[in-house]
Amino acid sequence: MSFDIIKGMATTLKNMGRKPTTVSFPEQERELPPRFRGRHVLHRYENGLERCVACYLCAGACPADVIYIEAEENTAEHRISPGERYARVFDMNLLRCIFCGYCQAACPTGAITLEHDYKLACFSPEEMIYHKEQLLEPLGQATVGTNADWYEPPLPDAAQPVPQESHVFDGFEASAASVGMGDLPTEQPVLLVNEEQDEDRRKLAGEQDGQHV
Ligand code: SF4
Ligand code: SF4
């Protein structure tokens, strides 16, 4: 008996008593990590409105050109989402998808998440094009999906990047939009009512002006 056969037999004997690392799929399934990225789901709010406002950010962020959206205006009589628009068509060609999760990260309303459905085998390529009706949560269901696992809430004592609590507008357009005051005129500088901070900012502005002269 050659040495290679003895070595092979030894390996077999060594592993005979070990617990198998495989599972008998589909009878048995592995427990998936919470942040596993499987098939996408479109979410609703608790009042039944769709979270998706057809902003196209997910389609823009997608590196594989998976997402096709057609937007339509909401009206008072026919309101589908809380925004100006909703997605009349929301198709995903999952044959192209690389399950990177960029679409989930780009979505400002938490409308799209990658969930734990990975059994996507099918008999024809057309079946891999998922339509909104297949992706959307049924009426009566309103979950946030894996966003709950991806986005941890900030610590209670974490500094707020914008004055969300006080609603004080500091003159910056970004802050204005964040506190819902995007319509305020920004031509005139509006400084915080804080002498020390105002003084610092004026100095800084003066220095910057000096540099540009
Ligand atoms: S997971 Fe990545 S590739 Fe798939 S649709 Fe989202 S952004 Fe595109
Ligand atoms: S899923 Fe999110 S990012 Fe994509 S269009 Fe809808 S709201 Fe915008």
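What follows is calculated from the coordinates using simple rules that are stated; it is not laboratory data. Everything quoted here is computed from the prediction, not taken from an experiment. Counting neighbours? That spans all protein chains shown, and the Cβs are built from the backbone with ideal geometry, glycine included.
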For His131, His116, His78, His40, order by how many other beta-carbon atoms lie within 10 Å, fewest first: His78, His131, His116, His40
For segment 27-82, what is the per residue volume of the convex hull drawn over the alpha-carbon atoms, in cubic angstrom? 162
The ³J(HN,Hα) series, computed from each phi in segment 114-124 with the Karplus coefficients 6.51, -1.76 and 1.60 at θ = phi - 60°, rounded to the nearest Hz and given as x for glycine or proline, is 9, 10, 9, 7, 10, 8, 10, 5, 8, 9, 9
Which percent of Cα pairs goes in each bin when the distances of segment 1-134 are cut into 10 angstrom slices starting at zero? 11, 31, 24, 13, 10, 7, 4, 1, 0
Using modelled amide H (1.01 Å from N, peptide plane; none on Pro or chain starts), what sits under 5 Å from the amide H of Arg51, excluding residues fewer than 5 places away? His43, Arg44, Tyr45
